[in-house]
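Remarks on the structure that follows.
Read-outs throughout are calculated quantities, based only on the coordinates presented, and are distinct from any laboratory measurement. All values derive from a computational prediction rather than experimental measurement. Because the Cβ atoms are built from the backbone with ideal geometry, glycine has one as well, and the counts that use them run over all protein chains shown.
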Amino acid sequence: MIELNKIYNEDCLEGIRQIDDKTIDLIVTDPPYLINYKTNRRQDKSHKFTTAIENDDNPDLIVTYIKECYRILKDDSAMYMFCNADKVEFFKKELNKFFNVKNMIIWVKNNHTAGDLKRAFGKKYEIIFLVNKGKKEFNGKRLTDVWNFDRVVGNKQIHQNQKPLDLITQCVVKHSAEGDVIFDGFMGSGTTAIACINTNRNFIGFETDKEYFYKSIERIKDHKKELETD
Ligand SMILES: C[S@@+](CC[C@H](N)C(=O)[O-])C[C@H]1O[C@@H](n2cnc3c(N)ncnc32)[C@H](O)[C@@H]1O
């Protein structure tokens, strides 16, 4: 029995099967990008951020995950799914099998990749698919499909792929209401959970990596303490 407002240290494909059909109001999710990414920028090669995250080379996970996301979402609801430009065709093809793709939002970051320094320009963006199951109107004013948010750096960075809290909060606020249930099968450092707590939404999440799982639990505890003392 899945409880609300909990992150489970469990494979999301196992976990999602325990969620009933058409019970989730919104999905905001940041899966492995399938690029087997490891940073070369860190001097300390034993640092956790220098190894690829789990399943960064497993397209079958994404194929099944998208199908299950469609199943658990209520009719006339939305999902945001992050994706890297190098795999955009694959993600779009899989999403199109079930969902109506409404936008490919370009998240412009305040840094760019190194890569092929002489032949390719530095990539400064990531993609966020906004898709609908049926038809879902956004809340409030209409935005454009180019979003500017700074990366999380320094002491605030707990996870190598951590997404800015303001960005995730924008997704939550535009497509859900207070009291709704938001799902994220790839919680990482728990950013989706924190956005839900701050905006009076409920969350359900999964994270397989033990270290990140415990960090997300700590982050939520510390955040709740901060809110109480404010
Ligand atoms: C891109 S990161 C998410 C980062 C998150 N958005 C944040 O702000 O911290 C994807 C996460 O999915 C986790 N993961 C990979 N395969 C998984 C699976 N089958 N079930 C649950 N989590 C998984 C990885 O360990 C990684 O922490």
Sticking to Cα atoms, compute the Rg of region 6-229 to one decimal and its Dmax as the biggest Cα-Cα distance, whole number, in Å. 16.9, 52
Taking the alpha-carbon centroid of each part, what is the distance from region 186-230 to region 96-121 in angstrom? 26
May I ask you to sort 230, 56, 116 by Cβ crowding, counting other Cβ atoms within 10 Å and putting the fewest first? 230, 116, 56
Taking the Cα centre of region 6-229 as origin and charging only Cβ (+1 Lys, Arg; -1 Asp, Glu), how large is the dipole, in debye to the nearest 20? 760
Distance check, please: which entries in 92/133; 141/174; 92/123 exceed 18 angstrom between their Cα atoms? 92/123
Cβ density ranking, 10 Å radius, fewest first, applied to 81, 1 yields 1, 81
Phi to ³J(HN,Hα) by Karplus 6.51 cos²θ - 1.76 cosθ + 1.60 over region 100-108, Hz, x for Gly, Pro: 8, 6, 9, 8, 10, 6, 9, 8, 8
How high is the FRET efficiency from residue 22 to residue 145, r the C-beta distance, R0 30 Å, rounded to 0.05? 0.60
Once you place label points 7 Å from the Cα toward the Cβ at residue 49 and residue 221, how far apart are they in nm? 2.4
Select from 176, 189, 46 the residue whose mean-square fluctuation is largest in a Gaussian network model of the chain (Cα-Cα springs shorter than 10 Å). 46
Ranking of 26, 61, 227, 13 by count of other Cβ atoms within 10 Å, fewest first: 227, 13, 61, 26
